[in-house]
Amino acid sequence: MSEQRKYDLVEHAKPWRYEEDGLTVTRGSAWTGPGCHLGCGVKLYTDSDGKLVKVEGDEENPFNKGRLCVRCLDLPEVVYSEKRLTYPMKRDPKDRGKNKWQRITWDEAFDEIEAHLVDLKERYGAESVLFLQGTGRDIASWISRLAWSYGSPNYGFPLSGLACYLPRVSGMYSTTGAFWVCDCSQQFIDRYDNPNYTAPEVMILLGNYPLISNSDGFYGHWVVDLMKRGMKVICVDPRMTWLGNKAAIQLPIRPGTDAALALGMLNVIINEDLFDHDFVDRWVYGFDELKERVQDYPPEKVSEITWIPVEKIYDAARMFANASQACIQWGVAVDMTKETLPAIQAIAALTQITGNIDKPGAMIIPPEILFYGGGFGADLLTEEQTEKRIGVKKYPLLKFGFATLQADEMMKQMETGDPYEIHGAWMQTTNTLACMGADPDRFYNAAVKLDFIVGVDLFMTPTIMALADYVLPAATYPERDGLRIGDGPQRGETINKVCSVGECKSDMEINLELGRRLNPDAWPWADVKEMFSSIIAETGYSFDEMREIAPAYPQYTYKKYEKGLLRPDGEPGFNTPTGRIEIWSTQYANAGLDPLPYFEEPEPGPGSTPELLDEYPLVLTTGARNWNMFHSEHRNIPRLRAMRPDPIIEVHPEAAEKYGIADGDWVWVENQRGRAKRRVKVTPVLLDPRICSTDHAWWLPEADPENLFDVRELAINNLVPWQPGKSGFGSNYKCSLVKLYKVEEGE
């Protein structure tokens, strides 16, 4: 190990693996698959036969302090599910959609997939193959490197407007040169007791219910910890949640109008002179222009747009601005707005003009070991191939943040072959037809015409059944070694293998082996441990050394912008063209976009298409999260499925009475684009009878595989179009106009 010692280490009472009551206990991290975005500290218990028998939270891990959700606690049922994919399979491309799989060996699978990919590259160019993934977690680094080492610039997410996390990353990098998260002391091993830490006085929760679901490496129960320490919460949500009930202020917003709310709050803060003059004068570019823009958004007008009582807008703005330190925890609902970048810009400006930047209890830049999805192999592409990345010429802001294709342009290119044809797809950890893809029939009709498709997953999914020629079985996290790297403040943490199931291989083993065949110079490692060690080399630890001491926390300092720690030239300021936080964005202006934040009505919607309200009277918000499921995962796990056996749509009691539906009824949720089947839950948690809410990513693993597990009649994305914002980011996944009517007998 090198002499570099810039990490704070947890003092463990026991080694990373030890014996207890006849079981072997292995300390590690819960980071996919199955999973979520967090990587909580876990203790995995295995018996003398090497079988995983139970999972507990690691009380010594500062991240979650022993707390776990039901998905982790029920991990053994997932690992040993009889529905797991456990060996490679293939079928004739003419049999796509048919359950006609043939078992093959791993050598056969790698040999044949390699031959197909080499053939497509020679005949059509590497750019003709798409490398697609689902939600990020620790997958992005390996899939993107596989794509780039093969020579394809077309790695990404089959999600309209890339409308999940990526807009916030790109938006923040474009305007501030970095990404920002709420400071909950997550960067310190001694957490709330760290002498440099001060808890937020106020936190806004916006577009995110963090107790159930969260990104940015944000563990939701930190909110509860901080509330116990006196923090007040402003909850922006059309539903009354547990946190909303405990909040100082609840703002019952109309879905899709977050930008208007932020601009209305900025109006109050600026006009009442509640902003931080010193910070604005020294570190903010474009404040005068912002001041002029927000005059178009007086709280009275914003109240009409958002359906929030006007006095609540004034109260929330004043509470936030008057706090000594405050932050905003936001989520995917912000990304899933068609004009997401100006919404992000407006929301971020609340923290920026109040000086809640890079100080304790405010917004901080997460320390990073690896910028996943953007830094592990991006240099492998030639300049010529980089220029072929789908969408980058039309949407230049794709250059900021993740190096992905633009999914809506991908759809057009799959359909038209312009400017070049797409012939293949590598689909790893993505169940597009059930989860990500807007208008899933459109995606299916384009993808089914491709020459060659590989799927990699834990289970047979509707997407693999419909489209794949080869399917490779991935390992769950107890079956593999790995690193906890990704969104949010990163720490040196390891995933440690404790068991094996069938012939499953980890995602990174699969990518390493295939990458080594396609481009051995780009994959020089003998095994995944050696690859992991090279990634964390800057820490001074090898992989084996890291798991002995993990988690290791990078030492942290506040106010980096004053110390020249944010710019490559070492000068004070932010890594932007002006050296300041750009509320008037030079990058947006150069891309032909409005450089200031603004609000644009979702279309269709009550404010843009009122003529549709007679037929489609309800605003539908999608993607409501559940404790027991993560996106399209866990529906085939009996105990977890028992907690939510059916796809639910929540309906306000007044709306249920008005439209003649009752609790437990099966209904069609329909708009002008399509329909999806749901079971009604009549509940007053919806704060406005004009809004209904449903969960997403439904399919029925128990249904007929050749009917694609009923995904076509259950996918709520049937109602969502491929329709990005002006920047190429954002899409209206969460603010459709719909009607509800009962499912007839026999349907």
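The values are calculated or read from the model by the stated rules, or taken from the named source; none is laboratory data. Just so you know, these numbers come straight off a predicted model, no measurement behind them. The accessibility values were calculated without ligands, DNA or RNA, using every heavy atom of the protein model including side chains. Shrake-Rupley method; radii C 1.70, N 1.55, O 1.52, S 1.80 Å.
Structural remarks
- Surface/4 estimate of mean projected area, convex hull on alpha-carbon atoms of segment 281-402, nm²: 10.7
- Heavy-atom SASA rank of LYS14, LYS505 (probe 1.4 Å, accessible area, largest first): LYS14, LYS505
- Segment 582-623-segment 59-88 distance, computed between alpha-carbon centres (Å): 39
- P(r) weight above 15 Å for segment 583-652, C-alpha pairs, percent: 71
- Global size of segment 1-105: 19.0, 58 Å for Rg and Dmax (C-alpha atoms, Rg to one decimal, Dmax whole).
- Bridge type composition, segment 648-716 - antiparallel percent by DSSP, nearest 5: 65
- The Cα-based radius of gyration and maximum Cα-Cα distance (Dmax) for segment 228-351 are 14.0, 40 Å.
- Isotropically averaged projected area of segment 492-549, using the convex hull of Cα atoms (one quarter of hull area), nm²: 4.6
- Spatially, segment 395-450 and segment 254-271 are offset by 34 Å when compared through their Cα centroids.
- Segment 213-331, relative contact order in percent, only Cα pairs under 8 angstrom and at least six apart counted: 27
- Whole-angstrom gap from segment 208-225 to segment 530-562, using each part's C-alpha centre: 24
- Per-residue surface analysis assigns LYS742 an accessible area of about 100 Å², computed on protein heavy atoms at 1.4 Å probe radius.
- When the alpha carbon gyration tensor of segment 554-615 is reduced to an equivalent ellipsoid, the three semi-axes, largest first, read 41, 16, 8 Å.
- With DNA, RNA and ligands ignored, accessible area of LYS121 (1.4 Å probe; Å², nearest 10): 90
- Heavy-atom accessible area ranking, 1.4 Å probe, most first, across ARG389, ARG239: ARG239, ARG389
- Beyond 17 Å, the tail of the calculated P(r) for segment 667-747 holds 56 percent of the Cα pairs.
- Relative frequency of Cα-Cα separations exceeding 22 Å in segment 575-734, percent: 54
- Rg over Rh [alpha-carbon atoms, Kirkwood Rh] for segment 442-526: 1.04
- For the chain, share of DSSP beta bridges that run antiparallel, in % to the nearest 5: 50
- Each residue of segment 159-303 gets 157 Å³ once the volume of the Cα convex hull is shared out per residue.
- Accessible surface ranking that places the most exposed of ASP335, ASP451 first, with a 1.4 angstrom probe: ASP451, ASP335
- Per the Debye formula on identical point scatterers at the alpha carbon atoms of the chain, with no solvent, log10 I(q)/I(0) at q = 0.06, 0.09 Å⁻¹ is -0.33, -0.80.
- At 0.890 mPa s and 25 °C, Stokes D of segment 52-154 from Kirkwood alpha-carbon radius, µm² per second: 139
- Remark on segment 615-670: Rg and Dmax equal 13.5, 39 Å (Cα only).
- Over segment 533-581: Rg over Rh, Cα atoms, Kirkwood Rh: 1.19
- Measuring only protein heavy atoms, the 1.4 Å probe finds ARG318 accessible over about 90 Å².
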